[in-house]
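A.B. asks: If you scroll down you'll find the structure; I have some questions about it.
The values are calculated or read from the model by the stated rules, or taken from the named source; none is laboratory data. Owing to the predicted nature of the structure, the values given are computational and were not obtained by experimental measurement. We place every Cβ from the backbone using ideal geometry, glycine too, and count neighbours over all the protein chains shown.
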Amino acid sequence: MAGDLSSILEPGMLVRCPDQPDWGLGQVQSNVGGRITINFENAGKLVLDGARVALELVFLD
């Protein structure tokens, strides 16, 4: 569930939004009260409600 992931997101973590694949890879800038600021490579900086937007962690080798 999206809310579960949002509670562990910290600045610097990489994420994708499966519902918006055209946004590309995003880096978490901040996570305050479930409002997550993410800088996406193709969509710029967005503030998302972690309880309403599905995000998935990305791990680069």
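A.B. asks: Which residues, taken from the range 28-50, are touching a Phe, Trp or Tyr at 6+ places or on another chain (Cβ under 8 Å) and crowded, with 16+ Cβ neighbours inside 10 Å?
C.D. replies: PHE40, LEU46, listed by residue number.
A.B. asks: Determine whether GLY34 is modelled with pLDDT under 95, in contact with a strand residue (DSSP E or B) (Cβ under 8 Å, 6 or more places away or on another chain) and closer than 16 Å to LEU5 by Cα.
C.D. replies: It is true that GLY34 is modelled with pLDDT under 95, in contact with a strand residue (DSSP E or B) (Cβ under 8 Å, 6 or more places away or on another chain) and closer than 16 Å to LEU5 by Cα.
A.B. asks: What is the residue count in the range 28-47 for residues that are out of contact with any Leu (no Cβ under 6 Å at 6 or more places or on another chain), part of a strand (DSSP E or B) and closer than 15 Å to GLU10 by Cβ?
C.D. replies: 6
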